[in-house]
1. Placing +1 on the Cβ of each Lys and Arg and -1 on the Cβ of each Asp and Glu in the range A:170-288, which of A:GLY220, A:ALA249, A:ALA206 has its Cα farthest towards the positive end of the resulting dipole?
2. Dipole size in debye (nearest 20) for the range A:78-314 around its Cα centre, Lys and Arg Cβ +1, Asp and Glu Cβ -1?
3. What residues have an amide H closer than 5 Å to that of A:ARG65, excluding those fewer than 5 places away on the same chain, when H is modeled at 1.01 Å from N in the peptide plane?
4. Using the crude model of +1 on Lys and Arg Cβ and -1 on Asp and Glu Cβ, and no other charge, please compute the dipole size for the protein assembly as shown relative to its Cα centre, in debye to 20.
5. Can you quote the Å³ per residue value for the convex hull of the Cα atoms in the range B:8-117, rounded to an integer?
6. Expressed as an acute angle from 0 to 90° and rounded to the nearest 10, what is the orientation of the C-alpha long axis of helix B:187-203 relative to the principal long axis of chain B?
7. Treating the range A:122-192 as a set of equal point scatterers at the Cα positions, no solvent, please give the Debye-formula log₁₀ I(q)/I(0) at q = 0.21, 0.23, 0.25 Å⁻¹.
8. Taking every pair of Cα atoms in the range A:189-268, average 1/r, invert it to obtain the Kirkwood radius, and report Rg/Rh to two decimals.
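Please treat every number below as a calculation from the coordinates, not as lab data. What you see is a predicted model; the values in this text were computed from it and never measured. Neighbour counts run over all protein chains shown; Cβ positions are idealised from the backbone, glycine included.
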Amino acid sequence: MPTSSVSPTDTDRVRGGRRRPAPDRRRPASGRRLSPYGFLAPAFVLYAAFLLYPILRAVQLSLYRWDGLSLGVWVGLDNYRAVLADERLRAAFGHALVLIVFYAVIPLAIGLVLAAILNRARVRGLGFFRTVVFLPQVVAMVVVAVAWRQIYAPNGSLNTALRAVGLDALTRAWLGDYTFALPAVGFVGTWVSMGLVTVLLLAGMARIPGELYEAARLDGAGAVREFFAITLPAVRGEIAVALTLTIIAALKTFDLVYMTTNGGPGTSTTVPSYEVYRNAFERGQVGLAAAIGITLTVVIFLINLVVNKVGDRTS
Amino acid sequence: MTISRAEKVANYAILTLFAAFALWPVLSILVTAVGPENRTAAESGRFHLENFAAAWTQGKFGHYMLTSVQVSLLVVSVALVCSVMAGYALGTMRFRGEQLVFYLFLLGIMVPTEAIIVPLYFDLRDLGLTDTLLGVALPQIAQSIAFGTYWMRAYFRASDRSIVEAARLDGAGNHRVLWQILVPVGRPAITTLVLLTFMWTWNEFLIPLVMSPRGDVRTAPLGLAFFQGQYVQGTTLLAAAAVLVALPVVVVYLFLQRHFIAGMLEGAVRE
């Protein structure tokens, strides 16, 4: 951690000693010592009350069976056992893994290709392209859900397009289909994440020195070898950040499921965040909901840790 | 770098394809929104901008938008002032517990809303804060402070020490250094923070959904969800309403996209 050469206390001494008359000397000194806490106080109080304390309360609630009204019953780790054992909840975490493929893995593959293209060729209209592919990131997920529901509808533009090219056999009510509902929801995630990943990788690739490529060309390397030998290793850090962001976005899918499928048909698209909501506010299983939330948090922390460890080691 | 003509053509083809893919849902909802709502409407004119007015009144979006504006103003302003001050302390001062406080804020950036929403609802209900503006805003203020403090700390750490030292020698206190020197100089960083906080607050769904069970404090995205549940006979007005809900953030994005892109890439640690 780089520190400034002159710390506040040093300046104090200098100022107090040289300039200030005697009576003033003590007050500013003690004020200075307290002032970091004064500056922190408003933020910390609000933060502690509405974020830190609820985390502790969530841990506490997760150890009780409670319907939200009557007195809770201490059940120890039973709620966590339920998260591991319950079919529906296990399915929810399984679906989250599928969503990670759609939100993180596929966009990463697309983003690498797009960014490599944009980085290699001096493409005209780069600014426009960036604005367009990043746009899904700023549109409210609820709106995204409404748009994609209309696309996936039986008479929506996806089925219309399939019919137009003679693939009538493939048309279906995408969000009502046991097999295809989850991929359909996941594909929306691909659409949302794609731009973020591309722009992130593009920023990383722009920092690669051009001489590296020139040297590779002198050695007769083609576009593909150039990509694997130079570009890919150079953006390991950006890949780690992109994966962290998109994996977490996948694990936090709530709005989209709430708006498009409500977890259905059956349990085919339910996800952990939706189960938190459903158990706490529709089924009166508050303790279980808290346990799902805590489990989700632990999973997110672990993924953060692993992805960043790998990114750090190799970059 | 020089590349072959064939590669160039192929590149443009790929980029056009993906740009079209990114725009497809956006354009399709825009087209639906201005399409005819029913048979009689289909006979007059091509662009039915009256759909927006109809969605606005039928879906009570005037009311929901106002709520969204209130929540956003409250969250952005309180979180900004708190974050600037806390970021200043963490970025420029040395004190006992500095590291601990910093890591606590970092923790808040990573904890998902899903983990805290359950106790938040039941505790704020006991305090009588559910279905109030404060109940919807306070949890979002706390989340925004976590990111904002992290963001402002990074800015203050990178800021030019010599101006600060010069001002101190002139006898400027902490408050003057902060509000009259560092804040005006840091306008780009602060603008980015304001825009990101505004976007996250405007688009937030889970917190207003849970914190206002009666729907007294229904923000625009919640209004849209509610409208989708009620308005089942067609897609036109729903699409128009969706456009209205997305519009404020999208318009700001189109004008100040550099801030959005830079902010979301640099502040990537959030979530």
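1. Farthest along the dipole direction, towards plus: A:ALA249.
2. Once rounded to the nearest 20, the dipole reads 300 debye.
3. A:VAL73, A:TRP74, A:VAL75
4. 1820
5. Looking at the range B:8-117, the number lands at 247 Å³ per residue.
6. 40
7. Values returned for q = 0.21, 0.23, 0.25 Å⁻¹ are -0.92, -1.00, -1.08.
8. In the range A:189-268, Rg relative to Rh is 1.21.
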